[in-house]
2 protein chains.
Amino acid sequence: MVTMREIAHKAGVSVSTVSLVLSGKDSGRVNTKDAARIRQLAHDMGYTMNPLARSLRTNRTKILGFVSEEVATTPYAGRLILGAQDAASRNGYVMLTVNTDGLASEKKEIEALKSYGVDGFLYAKMYNQYIHLPDDLQGHPTVLVDALDGDRGNIPSISPDEFLIGYDATCRLADAGCRKIAYIGCSDPMLAQDGRRQGYEAALADRGLTLSRDLEIAVGNERGASRAVCKLWDQTQPDGFFCFNDARALHVYEQAARRGLYVGKDISVIGVDNHLVFAQTLNPRLTTVELPHYEMGYWAVSKLISLIEGDNRSSSSILHRNGQDTALPVSTVPIPSLEAKTPVRIHCAIIEKESIVS
Amino acid sequence: MVTMREIAHKAGVSVSTVSLVLSGKDSGRVNTKDAARIRQLAHDMGYTMNPLARSLRTNRTKILGFVSEEVATTPYAGRLILGAQDAASRNGYVMLTVNTDGLASEKKEIEALKSYGVDGFLYAKMYNQYIHLPDDLQGHPTVLVDALDGDRGNIPSISPDEFLIGYDATCRLADAGCRKIAYIGCSDPMLAQDGRRQGYEAALADRGLTLSRDLEIAVGNERGASRAVCKLWDQTQPDGFFCFNDARALHVYEQAARRGLYVGKDISVIGVDNHLVFAQTLNPRLTTVELPHYEMGYWAVSKLISLIEGDNRSSSSILHRNGQDTALPVSTVPIPSLEAKTPVRIHCAIIEKESIVS
DNA sequence: CTGAAAGCGCTTACAG
DNA sequence: CTGAAAGCGCTTACAG
């Protein structure tokens with residue numbers, strides 16, 4: 001590894017000068033010709049700065065801490081991490097990822113990240129929920145992912161807009177010609193279930209379609225789920241299904257197979273999916289949309305960096321595409337079975353708050 | 001952050017002494033009573049060592065670099081990372097994870113890791129394959145995951161024992177009473193496909209069961225796959241299916257549904273799964289076994305650390321369970337449909353080579 | 001515009 | 001057994 005001293009020696013200047021130039025603080029302070037020569041030399045010698053040495057003086061490591069619970073069990077985490085890493089890499093940061101199972105390990109892992117002097121934290125949950133920021137994170141720049149600050153509410157966060165997800169999906173089913181749309185929900189209590197169901201109901205109301213308790217069920221992961229779907233089907237004969245997730249969608253798919261029906265031909269299905277690959281490769285007839293995890297990760301890191309560096313560029317603009325406003329539109333898989341050529345959009349709610357001074 | 005200087009001041013000794021004690025090099029060099037006092041003081045003051053400052057002197061950061069291609073698209077990566085992180089955390093290391101899509105970004109990301117002074121690298125591929133170690137990694141302690149060194153072959157690696165996977169699964173089907181076992185394979189060329197098919201065939205031969213080309217197909221991810229399974233079924237009427245992965249298994253499941261048959265009652269299915277959650281929660285009747293990704297990650301990091309620290313404890317012993325030898329047995333989901341109470345085991349081949357001197 | 005000097009928190013010969 | 005000193009690679013007032 002080549003150091004500033006070596007460059008200084010070769011250039012016949014002092015280390016101070018090299019430092020000034022290489023950290024871009026040379027304008028009006030170092031002779032332009034020298035500056036250029038030093039930069040060239042650094043490049044030729046393959047200089048890469050030692051961020052650790054720098055951090056000793058600056059207290060800035062350009063390391064971000066990613067604290068997540070059980071990266072393990074949820075496949076979506078991959079895309080989230082990918083988005084986060086891309087954003088980090090783009091800004092010259094790097095990510096230290098730790099995993100926590102319980103509260104004990106969380107404290108320990110956060111301490112470890114602190115000892116490495118991370119500049120800020122990403123705190124990610126497995127599903128959308130209100131949380132209390134861990135005490136160890138208080139006062140440190142932090143952005144929440146798939147979580148909302150349940151306290152005073154001043155922590156920036158990004159999480160899916162569950163209502164819009166349900167609303168969009170249901171509208172799309174209606175637009176595809178479905179007249180009787182069922183909702184196969186989740187029996188566990190979570191923000192996502194409530195929001196998506198409300199979106200579903202609002203869409204039905206807006207489109208003047210049947211709104212009936214008989215068309216809604218909330219099932220768990222147990223064996224009875226498939227039977228419940230079977231019963232709903234017998235009673236109401238829906239022509240469209242909005243499913244809380246891919247697990248629920250598969251029950252619909254199974255029932256369709258047992259009835260000799262084909263999804264995409266006889267009935268329409270939209271399921272929200274955390275696991276795009278499966279849906280795409282396994283079963284082209286099972287239509288799913290994925291949550292914009294990549295974008296969430298990307299936004300979260302961009303936001304965190306702007307907190308850290310204290311700049312005021314609006315981080316929400318990072319994800320402005322297609323002229324959307326507060327919602328984060330994301331292109332996902334096209335839905336051939338609904339004959340829609342346009343991609344489905346899933347929205348993310350972005351909560352921006354005051355920067356935290358550390 | 002409390003420093004050694006503060007402790008030294010409070011203890012009335014020099015920083016050198018504190019350093020000696022706190023890094024465990026005090027025996028026979030520092031008064032035992034003082035040592036104990038310093039240790040107590042450090043604990044009371046909540047001292048945590050600054051590993052970055054230390055690294056400036058020692059060239060050891062206790063940071064591991066994890067280089068993987070597209071953490072994103074494969075769900076199994078989560079468990080791999082989890083295992084790796086657990087092993088790292090257990091040994092006082094921390095992991096810097098980077099993602100590469102193409103070769104260009106790979107070089108860049110590896111450079112970034114180097115500039116942060118990582119002590120060693122994990123180089124993980126998405127599926128079992130022979131590879132050429134990137135030049136930038138040459139001479140650095142490195143362990144391969146889901147990959148085998150295609151060159152001189154001196155890089156330690158861990159990857160699934162594909163043959164044993166196929167052999168075990170097929171034997172289990174035979175033991176469950178299946179007399180005509182089909183193999184639904186993968187049409188893409190990969191080590192896993194060849195190995196698993198060979199294991200399947202060997203098991204059939206050992207158990208004296210029908211071995212026929214008609215019972216084997218290799219399908220891709222396209223729509224025709226389900227039709228191919230349908231045709232095989234019509235022609236041969238198997239009572240057991242060994243599936244390359246869960247995607248293939250689902251085709252079997254679909255065909256069973258369309259025929260009014262139930263997996264686990266009328267036929268038996270074993271699929272190798274990269275995505276345990278789905279299989280478990282979605283469809284209790286679809287029987288899959290998962291690859292031991294957690295264990296692979298854990299082993300790889302343990303091995304890497306032993307390379308770095310140059311100790312000679314056999315790292316394969318780390319994963320010795322159930323008295324197995326070179327193979328890595330892993331307990332996975334029980335298989336109720338086959339009425340087996342014992343867990344299925346999947347094996348990993350561990351390739352241990354000479355340590356690399358950096 | 002430029003360099004000498006001090007210092008970030010630690011480790012490690014070296015002299016006592 | 002113990003401490004003063006040098007140094008890891010960098011940054012940043014400060015003096016010229």
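The values are calculated or read from the model by the stated rules, or taken from the named source; none is laboratory data. Since we're looking at a predicted model, the values are computed, not measured. Neighbour counts are summed over all protein chains in view; Cβ atoms, including those assigned to glycine, are modelled from backbone coordinates with ideal geometry.
Brief remarks on what is shown
- Counting residues in the stretch A:74-81 that are more than 10 Å from DNA strand C (Cβ to nearest atom), among the hydroxyl-bearing types (Ser, Thr, Tyr) and outside any helix (DSSP H, G or I) gives one or more.
- Any chance residue B:258 is in contact with a Lys or Arg (Cβ under 9 Å, 6 or more places away or on another chain), at negative phi and of a type outside the set (A, V, I, L, M): yes
- Candidate set from the stretch A:83-93 (those that are surrounded by fewer than 23 Cβ atoms within 10 Å (Cβ to Cβ) and within 9 Å of chain B (Cβ to nearest Cβ)); member that is nearest to the chain's Cα centre (by Cα): A:86
- Scanning the stretch A:65-77 for residues that are at pLDDT below 85 and either more than 7 Å from chain B (Cβ to nearest Cβ) or surrounded by 16 or more Cβ atoms within 10 Å (Cβ to Cβ) (or both) yields A:69, A:70, A:71, A:72, A:74, A:75, A:76, A:77.
Let's see how each residue does on (1) surrounded by 20 or more Cβ atoms within 10 Å (Cβ to Cβ); (2) at pLDDT 90 or above; (3) within 14 Å of chain B (Cβ to nearest Cβ):
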| position | (1), (2), (3) |
| --- | --- |
| A:15 | no, yes, no |
| A:18 | yes, yes, no |
| A:26 | yes, no, no |
| A:30 | no, no, no |
| A:38 | yes, yes, no |
| A:42 | yes, yes, yes |
| A:54 | no, yes, yes |
| A:60 | no, yes, yes |
| A:63 | yes, yes, yes |
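- The number of residues in the stretch B:181-207 being surrounded by fewer than 14 Cβ atoms within 10 Å (Cβ to Cβ) and modelled with pLDDT of 95 or more comes to 2.
- In summary, strands (runs of 3 or more DSSP E) completely within the stretch A:139-200 and bearing 1 or more residues that are of a type in the set (S, T, N, Q) occur at A:142-145, A:157-160.
- Any pair with Cβ under 7 angstrom, 6 or more apart, that starts in the stretch B:1-20 at a residue that is closer than 18 Å to residue B:58 by Cβ and free of Cβ contacts under 8 Å to residues at least 12 places away in the same chain and ends at one that is more than 7 Å from DNA strand C (Cβ to nearest atom) and part of a helix (DSSP H, G or I): B:15/B:8
- Condition met for residue B:143 (crowded, with 21+ Cβ neighbours inside 10 Å and more than 8 Å from chain A (Cβ to nearest Cβ)): yes
- Total residues in the stretch A:24-69, condition farther than 20 Å from residue B:57 by Cα, over 32 Å from the mean Cα position of the chain (by Cα) and either within 9 Å of DNA strand D (Cβ to nearest atom) or outside any loop (DSSP other than H, G, I, E, B) (or both): 15
- Among the residues making up the stretch A:212-241, those that are within 24 Å of residue A:191 (Cβ to Cβ), within 11 Å of another protein chain (Cβ to nearest Cβ) and surrounded by 15 or more Cβ atoms within 10 Å (Cβ to Cβ) are A:221, A:225.
- Subset tally (residues that are exposed (fewer than 13 other Cβ atoms within 10 Å of the Cβ) and near DNA strand C (Cβ under 8 Å from one of its atoms)) for the stretch A:1-13: 1
- Options B:123, B:130, B:116; residue that is assigned by the TED database to the domain that holds residue B:96, surrounded by fewer than 16 Cβ atoms within 10 Å (Cβ to Cβ) and touching a residue at least 40 places away in the same chain (Cβ under 8 Å): B:130
- Screening A:80, A:137 for residues that are among the hydrophobic types (A, V, I, L, M, F, W, C), touching a strand residue (DSSP E or B) at 6+ places or on another chain (Cβ under 7 Å), surrounded by fewer than 24 Cβ atoms within 10 Å (Cβ to Cβ) and outside the structural domain of residue A:204 (by the TED database) leaves exactly one candidate, A:137.
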